[in-house]
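A.B. asks: This structure is in structure tokens; I'll ask about it shortly.
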Amino acid sequence: MTSPASSREASDLERKIGYHFRDRDLLSESLTHKSFYHENKGKTRSYNERLEFLGDSVVGLVVVEYLFLLGERYEESVLAKMKSFLVCEAVLAEIASSVSLGRHILLGKGEESTGGRAKKSILADVFEAVIGAVYLDSGYEKTRQVVLRFFEDRVKRAIESGEFYDFKTELQEKTQSLYGILPEYKVIKEEGEEHQRIFTVAVFLEGRRLASASGKRKKEAEARAAKKAIEKVKE
């Protein structure tokens with residue numbers, strides 16, 4: 001793909017992110033990695049690091065604003081944990097993969113040969129660059145809609161699962177302080193099809209089962225089990 005902003009593939013990407021660019025040069029810039037730029041200086045006007053820098057701030061603002069306006073009125077420390085959990089490289093890379101962003105990136109031969117299209121760091125950076133491009137192309141309100149299209153459900157899941165709060169660290173600190181030992185997590189059951197697996201995890205303290213919980217991912221199940229265990233330890 002040599003000209004992403006003038007191809008059918010660009011239209012496909014726009015459809016997936018839910019936004020049509022007025023200035024497709026911005027889209028091209030957002031998809032251009034510096035490795036490609038340095039190898040093809042006559043073919044591209046710039047690379048995406050400036051847009052990435054802008055997009056990082058825009059994504060952070062949209063997510064924090066959304067969290068701030070939720071009816072629960074979370075304290076600053078909780079908001080900070082939620083933002084850190086949601087706006088991280090792993091989540092941004094996951095979002096980028098969900099719209100097949102990797103196949104649209106312009107990479108230099110070196111990055112291409114080392115699997116750059118699948119690197120989480122590159123995927124996350126390009127997603128932020130695309131959001132920066134959307135912001136310059138249309139302003140805050142439209143960009144907010146695009147960002148929340150990807151984050152609204154993730155925020156809800158994070159709140160429901162409690163993963164953002166890091167219950168595992170809290171439980172570890174409590175058991176170390178009270179008993180001088182660490183909790184142990186074990187998967188005790190797996191159910192469902194390969195793509196709809198449900199994990200049940202139990203947390204133990206010196207062989208004694210404190211609590212168990214289920215989730216679509218092991219980490220989610222562990223967080224929920226730790227949350228239940230904390231209440232038992234408090235008792």
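The values are calculated or read from the model by the stated rules, or taken from the named source; none is laboratory data. Remember, it's a predicted structure, so these values are computed and weren't measured experimentally. With ideal geometry, Cβ positions are generated from the backbone for all residues, glycine too; neighbour counts draw on all protein chains shown.
A.B. asks: Could you say which residue among F127, F150 is in contact with a Leu (Cβ under 6 Å, 6 or more places away or on another chain) and of a type in the set (F, W, Y)?
C.D. replies: The unique qualifying residue is F127.
A.B. asks: Okay, next question. For the range 6-39, which positions are more than 18 Å from Y135 (Cα to Cα), free of Cβ contacts under 8 Å to residues at least 60 places away in the same chain and not in a helix (DSSP H, G or I)?
C.D. replies: S7
A.B. asks: Residue under question is E193, and the condition is that it be out of contact with any Leu (no Cβ under 7 Å at 6 or more places or on another chain) and modelled with pLDDT under 85; does it hold?
C.D. replies: Yes; evaluated as a whole, the condition is true for this residue.
A.B. asks: Let me ask something additional. In the range 54-165, which helices (runs of 4 or more DSSP H) lie fully inside it and hold 1 or more residues that are within 19 Å of the chain's Cα centre (by Cα)?
C.D. replies: Passing ranges, in order: 76-86, 89-98, 120-138, 140-161.
A.B. asks: Which residues, counting only those in the range 106-141, are among the β-branched types (V, I, T) and modelled with pLDDT under 95?
C.D. replies: T114
A.B. asks: So in the range 156-200, with the set limited to residues that are over 19 Å from I230 (Cα atoms) and among the charged types (D, E, K, R), which one is surrounded by the fewest Cβ atoms within 10 Å (Cβ to Cβ)?
C.D. replies: E194
A.B. asks: Count, please, the residues in the range 166-211 that happen to be over 26 Å from S84 (Cα atoms), under 26 Å from the mean Cα position of the chain (by Cα) and part of a loop (DSSP other than H, G, I, E, B).
C.D. replies: Number satisfying all stated conditions: 3.
A.B. asks: In the range 116-174, how many residues are more than 30 Å from E222 (Cα to Cα) and hydroxyl-bearing (S, T, Y)?
C.D. replies: 4
A.B. asks: Can V64 be described as out of contact with any Asp or Glu (no Cβ under 6 Å at 6 or more places or on another chain), assigned by TED's automatic domain parsing to the domain that holds I159, β-branched (V, I, T) and free of Cβ contacts under 8 Å to residues at least 24 places away in the same chain?
C.D. replies: It is true that V64 is out of contact with any Asp or Glu (no Cβ under 6 Å at 6 or more places or on another chain), assigned by TED's automatic domain parsing to the domain that holds I159, β-branched (V, I, T) and free of Cβ contacts under 8 Å to residues at least 24 places away in the same chain.
A.B. asks: Further, regarding this structure: Only one of these is surrounded by fewer than 18 Cβ atoms within 10 Å (Cβ to Cβ), in contact (Cβ under 8 Å) with a residue 60 or more places away in the chain and among the polar types (S, T, N, Q): S113, S57, S100, S77. Name it.
C.D. replies: The conditions single out S100.
A.B. asks: Being basic (K, R) and buried (at least 20 other Cβ atoms within 10 Å of the Cβ) is the filter here; which residues of the range 118-139 pass it?
C.D. replies: none
A.B. asks: Continuing with the same structure: Consider S77 carefully, then state whether it is within 22 Å of A223 (Cα to Cα), small (G, A, S), in the same structural domain as F151 (by TED's automatic domain parsing) and at pLDDT below 95.
C.D. replies: Against the criterion (within 22 Å of A223 (Cα to Cα), small (G, A, S), in the same structural domain as F151 (by TED's automatic domain parsing) and at pLDDT below 95), S77 qualifies.
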